[in-house]
1. Mind listing whichever residues of region B:266-299 are within 28 Å of B:Ser351 (Cβ to Cβ) and either aliphatic (A, V, I, L, M) or not in a helix (DSSP H, G or I) (or both)?
2. Looking at (1) surrounded by 14 or more Cβ atoms within 10 Å (Cβ to Cβ); (2) among the small types (Gly, Ala, Ser); (3) away from every other protein chain (no Cβ under 14 Å); (4) over 28 Å from A:Leu469 (Cα atoms), which one does A:Gly22 not meet, given that it meets all the others?
3. Checking the condition more than 14 Å from every other protein chain (Cβ to nearest Cβ), part of a strand (DSSP E or B) and at pLDDT 90 or above, which residue from A:Val39, A:Val57, A:Val45 passes?
4. Which of the residues that make up region B:462-476 are surrounded by fewer than 21 Cβ atoms within 10 Å (Cβ to Cβ) and touching a residue at least 12 places away in the same chain (Cβ under 8 Å)?
5. Just checking, does region A:118-137 include any residue being away from every other protein chain (no Cβ under 11 Å) and under 20 Å from A:Pro237 (Cα atoms)?
6. Is it the case, given these coordinates, that B:Leu388 is within 12 Å of chain A (Cβ to nearest Cβ) and at pLDDT below 90?
7. Enumerate the pairs (first residue in region A:388-409 and among the acidic types (Asp, Glu); second residue anywhere and in a helix (DSSP H, G or I)) with beta-carbon separation below 8 Å, excluding pairs fewer than 6 apart on the same chain, so at least 6 apart or on different chains.
Amino acid sequence: MLTVFLLLFPVAAALLLHFAKGNAARVMALGAALVEFVVAVYAAVLSQVTAQTQFEVNLPWVASAGINFHVGMDGLSLVLVLLTAFLVPLIILASFRHDYPNASAFYALILFMQTGLIGVFVSLDAFLFYFFWEVALIPIYFLAGVWGSERRIAVTFKFFLYTIIGSLFMLAAFVYLYFQTGIHGAVRSSDIIAFYNLTLSSDQQAWVFWLIFAAFAVKMPIFPFHTWQPDTYTESPTPATMLLSGIMLKMGIYGCLRWLLPIVPKGVSHWGPLVMVLCIIGIIYGAIIAIRQRDVKRLIAYSSLSHVGLMAAGVFSLTMMGLQGTVIQMLAHGVNVVGMFFIADIIQRRTGTRDISELGGLTKNTPALSVTFLVLLLSTVALPLTAGFVGEFLLLGGVYQYNHWMGAVAGVTIILGAVYLLRMFQRVMLGPDTQFTATIKDLTGSELAVLVPLILMVFWIGLFPGTFLRISEPAIMQIMTIVNR
Amino acid sequence: MGRGPGGGVTQNMTSIILLSVFGIINLFLGFLRSNKILLPAAMVILALVFGANLYDWNAAPHSYFSNMLTIDRYSVAFTGIVTLTTLLLIPFSQKYVRDGQENLAEYYSLLLFSLVGAIMMVSYDNLLMLFVGIEILSVSMYVVAGSDKRNVRSNEAALKYFLMGSFATGILLFGIALVYGATGAFSLIDIAGAVVQPANASFRPMLYIGMLLMFIGISFKVSAAPFHYWTPDVYEGTPTFFTAFMSTVVKTAGFAAFFKLLMVAFGGAESFWIPTIMAITVLTLLVGNVGAVAQTSIKRMLAYSSISHAGYLFIGLVALNGKLSANGIFFYSLAYSVATVAAFGVLKLVSDQRQREDYASFNGLAKTNPLLAFVFTVAMLSLAGIPLTGGFFGKFFIFGAAMDKGYTGLVIFALLMSMVSIYYYLRPVIAMYMRPAEEDMTEPVAVSPFQSFILVVLAVLTFVLGIMPGLLSEVM
């Protein structure tokens with residue numbers, strides 16, 4: 001029942017938010033998100049370290065068609081539920097300095113989105129998964145489209161079309177697989193176990209792979225499906241950007257782990273090399289374009305593109321190391337990128353600009369901001385002892401096991417990452433003041449309240465990655481078993 | 001409740017009787033010239049009919065008039081949709097009430113009578129009854145299309161609809177005559193027997209030509225391509241309130257009738273007509289969706305969208321998959337009707353006040369009228385078939401019925417077309433939420449509390465269908 005509570009509580013809170021006005025709305029939203037976080041932690045404490053699905057609920061949904069409301073959490077789901085429950089309150093808190101018009105709707109959409117995200121991570125029925133997949137899209141579309149900056153309309157329209165067209169391909173695949181489950185006179189079912197037990201020929205798997213992968217590739221996004229991403233990240237209001245990059249991107253990776261590898265393993269091994277090449281191209285491409293960016297937010301967007309390429313490469317390396325690296329990197333990236341976007345937002349709010357050439361010399365007046373920025377940045381660059389290091393180390397190890405050359409090329413990401421991030425830090429934070437930055441103030445109350453937990457998490461993951469690796473390990477091992485059978 | 005031969009409780013034709021009687025009473029109510037009475041009276045009548053209809057749900061099927069009309073679950077289910085649709089639509093006629101038009105009672109009565117026609121279309125067992133039903137429905141529609149007497153477009157719509165509709169009716173009748181000539185029967189069951197085993201093999205060409213002519217006639221009524229050319233113009237010219245009625249009730253009844261015809265009577269000749277129906281399906285999907293993309297008026301967009309939805313419903317006909325198809329068509333019609341009533345309801349309120357129907361007239365509606373914008377968005381998402389709304393499961397069940405019969409290619413084509421549809425359904429949403437209102441349109445649109453209530457009901461119904469489809473996914 002805990003799972004159902006985690007699912008329904010945010011949406012119930014979102015509905016209640018309708019009656020709140022202005023500041024009360026965001027306080028209520030924050031309260032609801034904190035309750036959700038506490039419950040998620042409670043679930044994590046209660047959970048056992050096995051590959052079994054826990055907190056399972058299985059009710060008929062469309063009984064006549066064999067479609068069930070089947071939710072539950074194994075270690076992999078739990079890690080992502082924890083990430084979502086951890087980040088959403090921080091994202092809400094991070095928005096406290098802004099006065100968004102029509103605030104109750106704004107925060108209701110964030111909570112509504114949380115239901116969609118958690119739904120994606122706990123669904124164990126294909127159509128339920130698809131259902132939540134789209135449920136997560138609608139609020140973010142409105143968040144970005146209504147509260148975004150100037151070019152938002154065209155940009156979010158592109159985003160919406162890309163993602164929904166991708167997911168319709170996935171739906172087509174699910175419908176096909178659903179009919180396959182009934183092919184020998186058995187009762188049709190869209191349960192994940194029924195999908196795992198399908199015996200599809202290599203040819204079938206080869207094309208079903210692309211149908212399912214289309215949805216995930218757009219969501220992550222993988223090169224060349226990424227063209228919506230930099231614009232959308234840049235034009236969205238910061239909370240929406242954080243949701244997109246911090247959590248929503250993980251939907252795609254989670255989808256690959258849960259719904260792609262075990263269902264079409266032969267398809268994965270057939271197309272894996274091609275996807276790996278795309279991932280590696282994405283890593284290098286994102287990094288090189290990031291070097292050229294003048295806009296801080298856009299630079300982080302491209303850096304995110306580069307990092308997600310590596311995570312996807314870890315998935316398709318099909319090694320235990322790569323998969324576990326992906327899990328830990330999903331957490332690390334979530335923490336890093338949310339922090340980075342928040343700092344970009346703080347700088348923009350204080351100085352009125354995000355243009356790197358107009359910034360400089362921030363360190364003098366803002367020691368706290370500088371330190372937090374540097375920690376998050378170094379974690380993104382994968383400095384040892386920080387969260388980013390563990391993830392990237394395991395990921396590169398996994399990719400190296402898959403193919404030495406690919407591992408070597410992917411390793412360049414760390415060098416390039418250091419180039420564009422440290423260069424940005426140097427130009428934004430160091431050097432002489434500009435007219436925009438002369439009178440900047442340091443971090444205050446609620447900003448610290450957001451950044452301190454993030455920094456703590458950076459070091460926790462960096463120093464004790466075992467806490468999280470242990471949770472996901474049995475689930476990942478089970479996925480590997482199914483893939484290799 | 002009637003008693004059948006076996007003594008058990010049987011299903012009644014209560015709804016037909018009630019509607020006919022009330023339709024006449026309603027005409028007399030018009031003499032009172034009290035508009036405050038007419039709308040509530042019409043709503044009470046429809047609620048009564050809806051209740052009486054549902055009351056028959058568990059009773060045994062029963063046939064009337066020498067087996068020309070059968071009231072069974074199929075007819076009760078579709079009668080339920082058309083009655084409910086009208087019930088939820090009628091509150092949006094209010095502008096007429098306020099204007100104090102003298103012939104209001106006639107319009108309500110026409111709607112009630114046309115519902116009688118629709119119910120006959122969903123319960124017929126005999127081609128004559130089908131023809132009578134279609135005619136009752138159509139003649140009422142010809143009149144209401146022109147009900148905005150001083151508007152040239154409304155006049156054009158009525159004339160166009162009447163002329164084209166008469167041709168279609170003639171073709172349908174010709175088809176019925178040929179089928180009768182070939183099989184010697186009007187009754188669906190007898191025709192079915194003759195289709196499988198004709199008395200004389202040389203009659204077969206005549207039967208086939210008759211079938212095709214009938215298909216053309218009905219395709220016209222449900223605005224399927226290539227017999228759709230009247231739709232955008234007629235929909236645009238007809239007062240919005242009646243357009244909504246046309247695109248929901250007429251379509252639902254048309255498809256229920258079409259499915260029964262194909263399933264019961266012509267099922268034996270499936271291999272002959274499948275290519276034809278398949279071609280109509282593909283063409284309708286293409287014309288509807290691609291046509292809608294190019295529109296600049298929301299009303300015309302909805303007209304093309306109604307063509308495209310005819311295409312999706314046609315997939316249920318192609319599948320001809322017994323209960324799966326029947327349930328699919330039922331669910332789809334219900335979800336489509338609810339969403340369409342919501343869309344046209346909002347459009348009517350906005351366009352009445354702003355005297356425009358283009359996308360820009362919806363700009364900034366989310367600021368001035370959050371409820372209208374929300375309900376319209378829900379309607380658009382449902383029509384686009386996005387989860388959380390009824391439209392998703394409508395498509396899901398219809399596509400499922402077709403996949404079950406192995407029409408994978410057709411389903412993929414329909415999926416591609418629904419990707420196209422997202423483009424044009426999203427445009428009004430963008431206008432409402434993301435564009436600022438134009439200068440002369442910052443006034444909120446006037447909505448009565450009762451209309452607001454009905455809009456909320458429509459949105460809730462859409463969500464219920466989208467979240468708990470199990471409630472109504474297997475009614476037959």
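1. B:Leu285, B:Val287, B:Val290, B:Ala292, B:Val293, B:Ala294, B:Gln295, B:Thr296, B:Ser297, B:Ile298 - these are the residues of region B:266-299 that are within 28 Å of B:Ser351 (Cβ to Cβ) and either aliphatic (A, V, I, L, M) or not in a helix (DSSP H, G or I) (or both).
2. (1)
3. A:Val57
4. B:Phe463, B:Val464, B:Ile467, B:Leu472, B:Glu474, B:Val475, B:Met476 - these are the residues of region B:462-476 that are surrounded by fewer than 21 Cβ atoms within 10 Å (Cβ to Cβ) and touching a residue at least 12 places away in the same chain (Cβ under 8 Å).
5. Looking through region A:118-137, none of the residues is away from every other protein chain (no Cβ under 11 Å) and under 20 Å from A:Pro237 (Cα atoms).
6. For B:Leu388, the condition - within 12 Å of chain A (Cβ to nearest Cβ) and at pLDDT below 90 - is met.
7. As it stands, the answer is A:Glu392/A:Leu310; A:Glu392/A:Gly325; A:Glu392/A:Gln329; A:Glu392/A:Thr413; A:Glu392/A:Ile414, since those pairs meet every condition given.
Per-residue answers, yes or no, for (1) crowded, with 24+ Cβ neighbours inside 10 Å; (2) at the interface with another protein chain (Cβ under 9 Å from one of its Cβ atoms); (3) of a type in the set (Ser, Thr, Tyr); (4) in contact (Cβ under 8 Å) with a residue 60 or more places away in the chain:
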| residue | (1), (2), (3), (4) |
| --- | --- |
| A:His70 | yes, no, no, yes |
| A:Ile92 | yes, no, no, yes |
| A:Arg97 | no, no, no, yes |
| A:Ala103 | no, no, no, yes |
| A:Val146 | no, yes, no, no |
| A:Ala154 | no, no, no, no |
| A:Phe169 | no, yes, no, no |
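The values are calculated or read from the model by the stated rules, or taken from the named source; none is laboratory data. Just so it is clear, the model here is predicted, and its values are computed rather than measured. Don't worry about glycine lacking a Cβ; one is built from the backbone with ideal geometry, like all the others, and counts go over all protein chains shown.
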